[in-house]
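Just below is one structure, and these are the notes that go with it.
The values are calculated or read from the model by the stated rules, or taken from the named source; none is laboratory data. The shown structure was predicted, so the numbers you read here are calculated from the model rather than taken from an experiment. Methodologically, a virtual Cβ is constructed for each residue, glycine included, from the backbone with ideal geometry; neighbour enumeration extends over all protein chains shown. Please note that ligands, DNA and RNA were not included when accessible areas were found on the heavy atoms of the full protein model with its side chains. Shrake-Rupley method; radii C 1.70, N 1.55, O 1.52, S 1.80 Å.
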Amino acid sequence: MAAEPLPGAAPAGKAPSRRPPLSLLLGGVLVGGVVATALLSFLWTPHDPTAVQTANTFAGLSSEHWLGTDQYGRDLISMLMVGSRNTLFVGVLAVGIAISVGIPLGGLAVTRGRLTDEAVMRASDVIYAFPPVLLAILLSATFSPGTAAAMTAIGIAYIPVFARVTRGAAMSVLGREFTLAARAYGRRPGYIFVRHALPNISSVLIVQATVMFALAILAEAALSYLGLGTQPPAPSWGRMLRDSQTYLTLSPSLAVWPGLAIAASVLGFNLLGDGLRDRLDPRLARGPR
Amino acid sequence: MAVYVVRRVVIFTLSLVLASMLVFGVLAVLPGDPAQVILGEQATEENLAVLRAEMGLDQPVWRQYLDWASGLVRGDFGTSYVSQAAIGPMIAQRLQVTIPLALLGLALAVAVATPLGVYAASRHGRWVDTAISAGSQIGIAIPAFWTGILLVMLVSVYLGWLPSGGFVPLATDPVGWLRSMALPALSLGLVQASILTRYVRSAVLEVLREDFVRTARAKGLTRTKALLRHGLRNAAIPLVTLLGLQFGFLFAGTVVIENVFFLPGLGRMILQAANGRDLLLVQGTVMVLTFAILLVNFLVDVAYRVIDPRLRAS
């Protein structure tokens with residue numbers, strides 16, 4: 001006699017697939033490509049990305065310059081490679097700022113009673129009314145525009161997102177039995193949040209961080225395009241697009257490659273976020289896709 | 001309902017006060033002397049002192065804030081240091097470009113996303129659904145300003161159909177106005193449409209699983225009729241909230257898009273003001289944009305209750 005399947009077990013022959021979702025694979029490849037390119041750019045680029053060659057401006061695709069050269073004769077692929085480094089750098093620090101302030105704020109909101117909760121959430125609403133570009137303009141008007149101002153602005157703008165996600169996810173965990181047991185044991189709310197809630201909501205936060213990274217790349221590109229992000233001579237994708245606009249009739253490809261690089265990176269992080277959501281927390285996988 | 005609206009009004013007002021403190025604080029309290037920033041490193045001490053007195057910088061910070069904030073309430077934004085013109089009328093004039101641009105972008109996004117999202121949901125799991133989902137995923141990854149540059153390259157440079165930039169006032173030439181706004185609105189709207197399509201699809205899918213749709217089908221309605229008669233109205237509720245939240249991003253988008261197409265809107269003015277260290281103009285413009293975003297969020301919160309009788313009852 002065959003053994004009875006356990007209640008809730010998957011029907012025979014329909015075991016849940018362990019194969020990673022397509023979005024995770026595609027996202028992983030795209031993100032891996034960008035990260036590998038950025039790392040490689042520290043060791044090697046086909047040419048010096050800042051080397052000006054006035055005799056070789058607007059060169060087409062060739063074995064010497066794979067994607068051609070710009071208006072100053074600078075090698076496009078080398079600029080794109082170093083640009084990926086700046087993009088990731090700003091993304092990591094911006095999301096880092098948002099996480100390191102947002103998660104503790106969310107924790108405070110959920111552990112310190114109704115008044116603190118209300119205050120944190122209302123403050124989040126106000127910060128949320130400042131899109132990164134407005135914050136960057138505010139910061140640039142006071143300090144000089146540059147990478148630091150851009151990533152601070154993006155980081156501050158995304159704090160409410162992490163505060164809200166942390167609060168929402170932690171709230172459901174803090175109502176569960178093991179946290180009630182910890183409370184009965186005499187543990188403080190802060191301790192319970194760090195030791196019991198955080199590990200249980202880490203998957204939600206990882207997914208959120210991946211998605212916010214994609215948004216940070218878009219924001220950094222927009223700020224660099226406006227001249228508020230990475231400053232020359234350091235190459236940045238947004239700035240390359242800004243410069244390309246003057247030469248649309250002469251060399252349209254200048255406006256294509258940096259845009260593709262931005263879109264591929266953002267798509268990569270978004271797909272990675274979707275894939276991770278499916279893999280780490282199937283309950284959330286029903287969100288918009 | 002009245003209690004809810006009063007509560008929301010109080011929160012909205014407090015949010016505005018907090019936002020004004022933030023805007024003022026970033027520019028006034030952070031290290032650095034605005035007078036020095038405006039006049040540059042070479043400025044003499046006398047000139048700096050005169051400018052500080054002129055700008056009220058010799059007053060305590062709380063006094064400076066109260067002067068500025070009470071001015072805002074009266075509609076007096078102060079005078080631009082660079083152009084010496086009153087800031088209020090400057091902002092009002094620029095809004096005549098920015099508001100239509102944002103609204104056109106939003107209208108376009110809704111017009112594209114609603115049919116696409118509904119169609120994708122009604123063909124759930126089929127290749128059309130996959131294609132629309134993949135398309136919107138790619139659309140989200142494309143920066144609006146790159147869409148703008150590509151549209152200029154295709155529609156203006158190659159085809160020569162529309163101008164690549166510049167602005168024609170509506171009162172002067174309505175057709176010329178529409179031609180000058182078409183590409184900027186399209187750039188702004190397409191990215192928003194990609195985001196919205198995903199949410200429309202998701203909201204409709206959610207509603208299609210509801211019991212009342214099954215009941216409607218059991219009563220003999222076709223899938224399409226059940227969707228149109230019962231599904232869409234219910235799916236609209238979460239979408240109204242999303243549109244409200246997207247409004248902030250839409251306004252932020254106008255700042256970038258106006259610079260792509262050289263439109264004389266608020267976005268272009270604020271960037272020029274930031275570059276020229278025209279601090280009062282930056283403060284005023286950021287405050288107006290933040291006010292608009294908070295106001296829309298407030299209206300959406302209230303509209304949410306009006307649309308959904310279930311929430312009103314609770």
*To the nearest 20 debye, what is the magnitude of the charge dipole of the stretch B:63-189 about its Cα centre, counting +1 on the Cβ of each Lys and Arg and -1 on the Cβ of each Asp and Glu?*
140 debye
_Let me confirm one metric for peptide B:146-155, namely the mean number of other chain beta-carbon atoms within 10 Å of its residues' beta-carbons._
5
*About the Cα centre, charge dipole magnitude for chain A (Lys/Arg +1, Asp/Glu -1 at Cβ), debye*: 1240 debye
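For chain A, what is the calculated [θ] at 222 nm in deg cm²/dmol (nearest 500), taking -39500 (n - 2.57) for each run of four or more DSSP H residues and dividing by its residue count?
-22000 deg cm²/dmol
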_Carbon plus sulfur fraction of accessible area for the stretch B:1-117, probe 1.4 Å, in percent_ = 67 percent
*Considering chain A as a Gaussian network with a 10 Å cut-off on Cα pairs, which listed residue, A:GLY28, A:GLY175, A:GLY238, attains the greatest mean-square fluctuation?*
A:GLY175
_Relative contact order (%) - the stretch B:178-301, alpha-carbon pairs under 8 angstrom, separation at least six_ = 24 percent
*How large is ³J(HN,Hα), in whole Hz, for each residue of the stretch A:260-267 in order, when computed from phi with the Karplus curve 6.51 cos²θ - 1.76 cosθ + 1.60 and θ = phi - 60°, using x for Gly and Pro?*
4, 4, 4, 4, 5, 5, 5, 4
_chain B, relative contact order in percent, only Cα pairs under 8 angstrom and at least six apart counted_ = 26 percent
*asked:* Using a Gaussian network model on chain A with a 10 Å cutoff between Cα atoms, which of A:LEU61, A:LEU76, A:LEU139 fluctuates the most?
replied: A:LEU61
*Could you tell me which of B:LEU95, B:VAL50, B:ALA121 has its Cα farthest along the dipole of the stretch B:27-121 towards the positive end, charges placed at Cβ (Lys, Arg +1; Asp, Glu -1), taken about the Cα centre?*
B:ALA121
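Count charges around A:GLY106 for me, please; just the other residues with Cβ under 9 Å from its Cβ, Lys/Arg as +1, Asp/Glu as -1.
Once all neighbours under 9 Å are counted, the net charge is +2.
For the stretch B:257-312, report the accessible area per residue in Å² (1.4 Å probe, heavy atoms, rounded to an integer). Walk me through the intermediate numbers first.
Values: 1910 Å² over 56 residues.
Per-residue accessible area for the stretch B:257-312 comes out at 34 Å².
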*Once phi is turned into ³J(HN,Hα) by the Karplus curve 6.51 cos²θ - 1.76 cosθ + 1.60 with θ = phi - 60°, what whole-Hz value does each residue of the stretch B:160-169 show in order, with x for glycine and proline?*
x, 7, 10, x, 7, x, x, 9, 10, x
_Sequence of B:ILE142, A:ILE201 when ordered by accessible area, the most exposed leading, probe 1.4 angstrom_ = B:ILE142, A:ILE201
*asked:* Am I reading the B/A interface right? What is its buried accessible area, both sides, 1.4 Å probe, to the nearest 100 Å²?
replied: 4400 Å²
_For a quick check, take a GNM of chain A with Cα springs below 10 Å and name the residue from A:SER63, A:SER84, A:SER202 with the largest mean-square fluctuation._
A:SER63
*Across peptide B:248-256, what mean number of C-beta atoms from other chains lies inside 10 Å of a residue's C-beta?*
5
*With θ set to phi - 60° and the Karplus curve 6.51 cos²θ - 1.76 cosθ + 1.60, what are the ³J(HN,Hα) couplings of the stretch A:115-120 in order, to the nearest whole Hz, using x for Gly and Pro?*
5, 4, 4, 4, 5, 5
*Hey, if we sort B:TRP127, B:TRP177 by accessible area with the 1.4 Å probe, largest down, what's the order?*
B:TRP127, B:TRP177
*Please report the relative contact order for chain A, taking Cα pairs under 8 Å with a sequence separation of at least 6, and give it as a percent rounded to a whole number.*
24 percent
_Share of carbon and sulfur in the accessible heavy-atom surface of chain A [1.4 Å probe, %]_ = 64 percent
*asked:* Given Cβ point charges of +1 (Lys, Arg) and -1 (Asp, Glu) and nothing else, what value in debye, to the nearest 20, does the dipole of the stretch B:159-219 about its Cα centre take?
replied: 340 debye
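Using only atoms on other chains, find how many Cβ atoms lie within 10 Å of each Cβ of peptide B:270-282 and report the average.
Working: counts 5, 7, 0, 2, 11, 7, 1, 3, 1, 3, 0, 1, 6.
For peptide B:270-282, the averaged partner shielding equals 4.
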